[in-house]
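Visitor: Okay, handing you the structure first.
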Amino acid sequence: MENSYEEGRLLLINKPVDWTSFDVVKKLRYVLKVKKIGHAGTLDPLATGLLIIGTGKFTKKLNELQGLDKGYEGIIEIGKTTPSYDLETEFDSETEWSHLNEEDFKRVNNFLTGPIQQIPPAHSAIKIGGERAYKKARKNKEVKMEPRSVIIHKFDIDTSKLPDIKFSVSCSKGTYIRSLAHDFGKELGVGGYLKKLVRTSVGNYQLSDAVDLDEFIRQHNEGN
């Protein structure tokens, strides 16, 4: 079994919450006893969902897979903000939102659909001057993030359970859904943060075809 992984396999894993993408890679490197292994696109620790793992010769495909469009589902809570744009950090503002109506949500939703300029979160893995941005942010150093062009192909929202807004998004490579949540709240004038995130697809690869990490490890160990 190990030989097939050493030679090369693509694995679709449902990443558990509170694991980094590298944690999953490290765990599978140990379990599968392979040297060459990597993933095709980072998921934040608080996010769950589809993580594509490549082993052996399939690690060469990972860059290509990273360039594919991504699909996500989740919840944006309006009226509150955090420095990390998600629940990694404490709330730093709270604003009344009950005056908002469907027209407000539709306007902002349309504004954030299509080609947009987006500023990545300061709490992200992007390198600035050789250091990860989130490390600077955690030390309360000033972090200047440059805007980037991304495409939001589809952005569907459900406002039936405010202040939580359920959403599904299809977007280009490099899109930060945390930034999308932050910008959504900012454009509404009340703030917002990403409460929950699940990656549902990478190109034609679907979360429905992925295996929970624990289940994958159990199946592997039973097969040996």
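Visitor: Within a Cβ distance under 13 Å of residue 118, other residues only, what is the Lys/Arg minus Asp/Glu net charge?
Guide: My count for the surroundings of residue 118 gives +1.
Visitor: On the full set of protein chains, 1.4 Å probe, figure out the accessible area of residue 146 and give it in Å² to the nearest 10.
Guide: Approximately 120 Å² for this residue.
Visitor: Right, another one. Net charge near residue 51, counting Lys/Arg +1 and Asp/Glu -1 over other residues with Cβ under 9 Å of its Cβ? All intermediate terms of the calculation are to be shown ahead of the outcome.
Guide: Details: positive: 15, 199; negative: none.
Residues close to residue 51 contribute a combined charge of +2.
Visitor: How are the C-alpha pair distances of the chain spread across 5 Å bins, as whole percents from the shortest bin up?
Guide: Going out from 0 Å in 5 Å bins, the chain shows 1, 7, 13, 17, 18, 15, 12, 8, 5, 3, 1, 0, 0 percent.
Visitor: In what order, largest first, do 85, 5 sit by accessible area if the probe radius is 1.4 Å? All intermediate terms of the calculation are to be shown ahead of the outcome.
Guide: Numbers: 85 40, 5 10 Å².
Per-residue accessible area, sorted high to low, gives 85, 5.
Visitor: Something else about it: With all protein chains present and a 1.4 Å probe, how do 78, 119 order by accessible area, largest first? Let's see the in-between values first.
Guide: Working: 78 0, 119 90 Å².
From most exposed to least exposed: 119, 78.
Visitor: Can you list the aspartates and glutamates whose alpha carbon is less than 16 Å from that of residue 144, not counting same-chain residues fewer than 8 positions off?
Guide: Cross-link targets: 131.
Visitor: Counting only trypsin sites (Lys or Arg not before Pro) that are in a DSSP loop and have at most 10 other C-beta atoms within 10 Å, tell me the longest site-free stretch of the chain. Don't jump to the answer; show the numbers that get you there.
Guide: On the way: sites that count: 35, 139, 144.
Counting at most 10 other Cβ atoms within 10 Å as exposed, the longest clean stretch of the chain is 36-138.
Visitor: Just tell me which aspartates and glutamates come within less than 19 Å, Cα to Cα, of residue 173; anything on the same chain fewer than 8 places away is out.
Guide: 44, 64, 69, 73, 146, 156, 183
Visitor: Over 25 Å between Cα atoms: which of 26/135; 35/135; 154/195 fall into that group? Don't skip to the end; give the middle numbers.
Guide: Values: 26/135 21 Å; 35/135 28 Å; 154/195 20 Å.
Pairs exceeding the cut-off: 35/135.
Visitor: Determine one quarter of the surface area of the Cα convex hull of the range 22-117, which equals its mean projected area, and express it in nm² to one decimal.
Guide: Details: hull surface 34.6 nm².
With the hull built on Cα positions only, its mean projection is 8.6 nm².
Visitor: If the chain between residue 160 and residue 209 were fully stretched, how many nm would it gain, using 0.36 nm times the residue separation less the Cα-Cα distance? Walk me through the intermediate numbers first.
Guide: On the way: separation 49, 0.36 × 49 = 17.64 nm, distance 2.97 nm.
Contour length minus the Cα-Cα distance gives 14.7 nm.
Visitor: Whenever you get a sec, line up 182, 153, 220, 99 from highest to lowest accessible area (probe 1.4 Å, protein heavy atoms). Display every interim value, and only then the final one.
Guide: Values: 182 45, 153 90, 220 10, 99 120 Å².
So, going from the largest accessible area down, we get 99, 153, 182, 220.
Visitor: Roughly speaking, to the nearest percent, how much of the chain's 1.4 Å accessible area is carbon and sulfur?
Guide: Solvent-exposed carbon and sulfur of the chain make up 48 percent of the total.
Visitor: Report residue 104's accessible area, 1.4 Å probe, all protein chains in place, as a number in Å² to the nearest 10.
Guide: Roughly 40 Å² of residue 104 is accessible to a 1.4 Å probe.
Visitor: Test of the criteria: in the range 72-116, which GluC sites (Glu not before Pro) are in a DSSP loop and have at most 15 other Cβ atoms within 10 angstrom of their Cβ? Before the final figure, lay out each step's value.
Guide: On the way: sites: 73, 77, 88, 90, 94, 96, 102, 103; in loops: 88, 90, 96.
Those satisfying the criteria are 90, 96.
Visitor: What number comes out for accessible area per residue over the range 1-88 if the probe is 1.4 Å? Units Å², please. Intermediate values should be presented prior to the final figure.
Guide: Numbers: 4050 Å² over 88 residues.
Here the residues of the range 1-88 average 46 Å² of exposed surface.
Visitor: Which net charge results when you count Lys and Arg as +1 and Asp and Glu as -1 among the other residues whose beta-carbon is under 12 Å from that of residue 211? It would help to have the intermediate numbers written out before the result.
Guide: Working: positive: 15, 218; negative: 209, 212, 214, 215.
Value of the local net charge: -2.
The values are calculated or read from the model by the stated rules, or taken from the named source; none is laboratory data. Just so it is clear, the structure is predicted and the values come from calculations on it, not from any experiment. Cβ: placed from backbone, ideal geometry, glycine included. Neighbour counts: every protein chain shown. Please note that ligands, DNA and RNA were not included when accessible areas were found on the heavy atoms of the full protein model with its side chains. Shrake-Rupley method; radii C 1.70, N 1.55, O 1.52, S 1.80 Å.
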